[in-house]
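The values are calculated or read from the model by the stated rules, or taken from the named source; none is laboratory data. All figures in this text were calculated on a predicted structure; none of them were measured in a lab. Ideal geometry is used to build each Cβ from the backbone, glycine not excepted, and the neighbour counts take in all protein chains shown.
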């Protein structure tokens with residue numbers, strides 16, 4: 001494949017950025033990969049696994065020569081990280097990110113860019129509850145959706161190169177506006193995380209007659225709360241930067257939850273069947 005970038009610097013070498021780096025190196029899409037991180041132990045894992053050529057905790061060192069910067073740290077750290085790198089970046093550097101929130105990212109990052117720099121927001125809708133360089137895997141994005149969210153500082157040439165980079169992973173790439181992305185993902189991704197975490201938090205330490213209730217949950221409880229093991233830092237930032245859309249999603253869930261509560265309180269068998277059938281219909285459509 002054609003080389004797209006001379007140097008890709010990944011800020012936050014974990015599951016998402018590391019998995020992309022493995023594919024980019026294998027297909028020769030980037031000549032060099034640099035990892036920027038907070039902890040030397042995680043950077044050492046990335047080096048040992050061979051998907052970065054250099055690892056550093058210094059933003060200036062990571063920026064030099066990078067014609068592509070990928071921000072893959074918690075969303076609210078993006079501005080500070082980018083601001084520390086901009087003075088050392090090539091004038092025409094492309095900035096991208098893999099955050100689960102897009103409109104806030106656009107508003108926070110575009111004012112920091114040099115006059116010839118471009119921003120192309122991306123959200124790979126894939127992942128696991130595990131984190132760090134050790135969790136990276138080449139096939140993570142195969143047949144998964146990757147959303148590209150162009151904004152005012154996204155040039156057609158930069159968008160094309162970013163889309164080509166992600167298509168090489170086997171992902172299904174599509175475009176939408178940052179605002180539409182945030183509204184959809186608040187419902188399809190952010191709400192499930194809050195529901196799973198709320199359920200797990202409600203049952204933590206809950207005892208009945210001296211017995212821990214969660215120990216009797218079996219597969220259903222494990223499956224429903226799986227994503228509650230995700231990074232608290234990451235989800236804190238998502239909640240704080242997509243508040244309006246998440247608020248709408250929570251109201252949507254509360255209405256459905258209230259319907260269940262009322263049906264149980266009234267002993268309304270027909271309403272319970274209708275609600276369970278409605279939930280099952282969605283579950284059967286999910287792949």
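If you go through the range 27-61 and keep only what is in a helix (DSSP H, G or I) and out of contact with any helix residue (DSSP H, G or I) (no Cβ under 7 Å at 6 or more places or on another chain), you end up with 40, 41, 43, 44, 47, 48, 61. Between 162, 147, 184, the distinction of being closer than 18 Å to residue 106 by Cα and assigned by TED's automatic domain parsing to the domain that holds residue 243 belongs to 184 only. For the range 148-170, the criterion of being closer than 26 Å to residue 42 by Cα, buried (at least 18 other Cβ atoms within 10 Å of the Cβ), touching a helix residue (DSSP H, G or I) at 6+ places or on another chain (Cβ under 7 Å) and without any contact (Cβ under 8 Å) to a residue 60 or more places away in the chain is met by none of the residues.
Taking helices (runs of 4 or more DSSP H) that do not extend beyond the range 210-287, which have at least 1 residues that are assigned by TED's automatic domain parsing to the domain that holds residue 188 and in contact with a strand residue (DSSP E or B) (Cβ under 9 Å, 6 or more places away or on another chain)? Full working, then the answer.
Numbers: elements: 218-224, 232-241, 243-266, 269-285.
Correct list: empty, since no element meets the threshold.
Here the range 229-260 is the region considered, the condition is being over 20 Å from residue 183 (Cα atoms) and at pLDDT 95 or above, and the residue that is nearest to the chain's Cα centre (by Cα) is 257. Does residue 96 fit the bill of being within 16 Å of the chain's Cα centre (by Cα), closer than 20 Å to residue 242 by Cβ, in the same structural domain as residue 34 (by TED's automatic domain parsing) and not in a helix (DSSP H, G or I)? In short, yes.
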